[in-house]
Amino acid sequence: MKNISLIILTVFAVMAFNACRTIYPSAEVNYISGTEQTVTVRSVGIGINEEKALINAEQKVFDVLFFRGLPQSNQKLPMVGSDESAEKTKHKDYFNKFYDGKRHKTFVMSSIPVSGLTKVKGGKSITVDVKINLNALRSDLETFGVIRKFGY
Amino acid sequence: MSKIKFIAIAILLSSLTAVFGQNKATDSGGQVVTVQPKIMVIPYTKEGEDLRTILEQDENKRIAIAKIKEGFDSRGFTTVDFVAKLKAAKDNNIFTSDNQTDIKTQIVEMSGADVYVQAEVIVEKGQSGNSVKIILTAYEASTGNSLSNKIGESGRFYTDDFNKLASKAVESCIDDFLNVMQAKFTDIVNNGKSIIVDISFSPESEYRMSTEVGDDGLPLSDAIEIWMEENAFKNNYHIQGTTDVKMIFDDVRIPLKDQSTGNNYNPNKFGLEMFKFFKKLGITIGRDVKGSTIYITIK
């Protein structure tokens, strides 16, 4: 009886620890090509099925553009800011609609899988070439007050 | 009796509003739009090159400048047109010297531009193809602070269409260039705009920087610095140098918006605060504001 209690306690402790721990997924977003108005990148997404993995790959691209910046591209600096949790809290409605409401899709010009679905830890993985309408994305962020318009 | 008093006060208040209140035709109901910097794109000139004709002679430079302006337009920002200003300057005969640097300075001053972007176009011809490089630099006109620097390259192509190559060179770097500029603008919004304060004495002045002033009997230069310490935005200022006859603050930060009213703030308003400070000390000053530089002359 004592042993069972100990096991249950350990399981709960491990679950609580995992719930508190923040896991930062690797971006795995690499620049391919770009123009003044668009950027094309290769991104790796993970999900329980192909659709979820594809969405994950696309959303990772926006995460990198918003909060990290993309080396070699014209968007080397983050579009929104480096502190993603502060920015996401500040503009909660916008980012909820963008990610959970899948509004990000309106800025994806093309999303072409370049690999098959492979089994990985945590689900299935897919590699996708994603082309983003950068100009429209910037205008949208400006319109909704997430970033300032050019100038003061 | 009290009724008469009430009417008199009402009339007085309404007349005061008429004198000091905002004209109804221009009253926005308290809305304040931030005054934007004026930006002008100009070509780079080497020593001895004629700025007035260089654009007319070199179409690659014209294309590069048009392309850069297009980049600003795509961000919804209107630039001051250099060619139009040049023409106006010619029409008004503002050029008083043959020195090219002076002419460039004169145009920047005449345009009232806060920021100017200089574009240098380098054409390279080779057996493995031709290419165009472009060097873009953005400065704050008054302080010379660099805002953004980028080099764009067209890549080598077997073509003599240098116009297209110039265009490609600008395209390769303009977005990045504007992003860095915007990051600097964000810094200005958060930490204030940089201005210069130049304090000197008129020849007949009885004061010097070592003259003891005020109730504390502090040397004038120290009294000025203490005031600056208290009044520069976020206590951010830098003294270039102090002598007995001159004191120069080469970087004083002022806010873009009045922190109490939310209205736009400018060097002239900061100059007014300095005027009040000197008046409190019983010192008469002359005050000139040119762009982002305040010249104070102690009389």
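Could you size up the charge dipole of region A:22-88 around its Cα centre, putting +1 on the beta carbon of Lys and Arg and -1 on that of Asp and Glu, and report it in debye to the nearest 20?
In debye, rounded to 20, region A:22-88 gives about 140.
Hey, could you get me the Stokes-Einstein D for region B:208-299, Kirkwood radius over alpha-carbon pairs, 20 °C and 1.002 mPa s, rounded to whole µm² s⁻¹?
155 µm²/s
Give me the 1.4 Å probe accessible area per residue for region A:112-152, excluding ligands and nucleic acids, in Å².
50 Å²
Sort region B:149-284 into rounded, prolate or oblate with this rule: let a ≥ b ≥ c be the square roots of the eigenvalues of the Cα gyration tensor; rounded if a/c is under 1.5, and if a/c is not under 1.5, prolate when a/b is larger than b/c, oblate otherwise.
prolate
If each residue of separation counts as 0.36 nm, what is the full-extension length gain between B:THR34 and B:GLU47 once their alpha-carbon separation is subtracted?
0.9 nm
Please report the orientation-averaged projected area of region A:94-152, defined via the convex hull of its C-alpha atoms, in nm².
For region A:94-152, the mean projected area of the Cα convex hull comes to 5.5 nm².
When a/c is below 1.5 the answer is rounded, else prolate if a/b is larger than b/c, else oblate, so apply that to region A:46-123 with a ≥ b ≥ c taken from the square roots of the Cα gyration tensor eigenvalues.
Because a/c hits 1.5 or more and a/b exceeds b/c, region A:46-123 counts as prolate.
Which net charge results for the neighbourhood of B:GLN127, defined as the other residues with beta-carbon distances under 14 angstrom from its beta-carbon, given Lys and Arg at +1 and Asp and Glu at -1?
0
If you average the C-alpha positions of region A:84-126 and of region B:108-148 separately, how far apart do those two centres end up, in angstrom?
39 Å
Taking accessible area as the heavy-atom solvent-accessible surface of the protein chains with a 1.4 Å probe, which residues of region A:124-152 lose no less than 30 Å² upon going from the isolated chain to the full protein assembly?
Residues shielded by partner chains are A:ARG138, A:ARG148, A:PHE150, A:GLY151, A:TYR152.
Find the percent of Cα-Cα distances in region A:17-152 that exceed 25 Å, and round it to a whole number.
Looking at region A:17-152, the distances longer than 25 Å represent 25 percent of pairs.
Among residues other than B:LYS279 whose Cβ falls under 13 Å from its Cβ, what is the net charge (Lys/Arg +1, Asp/Glu -1)?
Taking every Cβ under 13 Å from that of B:LYS279, the sum is +3.
Got a sec? What order do B:PHE201, B:PHE249 fall in by accessible area at 1.4 Å, biggest, i.e. largest, first?
B:PHE201, B:PHE249
Let me spell out the model: positive unit charges on the Cβ of Lys and Arg, negative unit charges on the Cβ of Asp and Glu, origin at the Cα centre of region A:25-152. What dipole size does that give, in debye rounded to 20?
That gives a dipole near 120 debye.
Between B:VAL189 and B:ILE122, what is the spin-label point distance in nm, taking each point 7 Å from the Cα along the Cα→C-beta axis?
Inter-label distance under the simple model: 3.5 nm.
At a probe of 1.4 Å, how much accessible area disappears from chains A and B on forming the pair, both sides counted, to the nearest 100 Å²?
Approximately 1800 Å² gets buried when A meets B.
Report, in debye and to the nearest 20, how large the dipole of region B:189-242 comes out about its Cα centre when Lys and Arg carry +1 and Asp and Glu carry -1 on their Cβ.
Charge dipole of region B:189-242: 420 debye, to the nearest 20.
Got a sec to turn the phi values of region B:188-204 into Karplus ³J(HN,Hα) couplings, 6.51 cos²θ - 1.76 cosθ + 1.60 with θ = phi - 60°, whole Hz, x for Gly and Pro?
5, 4, 7, 10, x, 8, 8, 10, 10, 10, 10, 10, 9, 10, 6, x, 8
Can you put A:ASP100, A:ASP129 in order of accessible area, largest first, using a 1.4 Å probe?
A:ASP100, A:ASP129
With no solvent and one equal point scatterer per Cα, compute the Debye intensity ratio I(q)/I(0) for region B:166-239 at 0.13, 0.17, 0.19, 0.21 Å⁻¹ and report its log10, rounded to two decimals.
Scattering profile of region B:166-239, log10 relative to I(0): -0.62, -0.79, -0.89, -0.98.
Largest first, what is the accessible-area ranking of A:VAL120, A:VAL39 with a 1.4 Å probe?
So the residues, ranked largest to smallest area, are A:VAL120, A:VAL39.
Amide H to amide H, which residues 5 or more places from B:THR293 or on other chains are under 5 Å from it, using H placed in the peptide plane?
Placed amide hydrogens put B:ILE196 under 5 Å from B:THR293.
Which one, A:PHE95, A:SER85, A:PHE67, is farthest towards the positive end of the dipole of region A:60-138 when Lys and Arg carry +1 and Asp and Glu -1 on their Cβ?
The one lying farthest along the dipole's positive direction is A:PHE95.
The values are calculated or read from the model by the stated rules, or taken from the named source; none is laboratory data. Because the structure is a prediction, the values reported are computed rather than measured. Reconstructed Cβ throughout: ideal geometry from the backbone, glycine too, with neighbour counts over all protein chains shown. These accessible areas exclude ligands, DNA and RNA; they are computed on the full protein's heavy atoms, side chains included. Shrake-Rupley method; radii C 1.70, N 1.55, O 1.52, S 1.80 Å.
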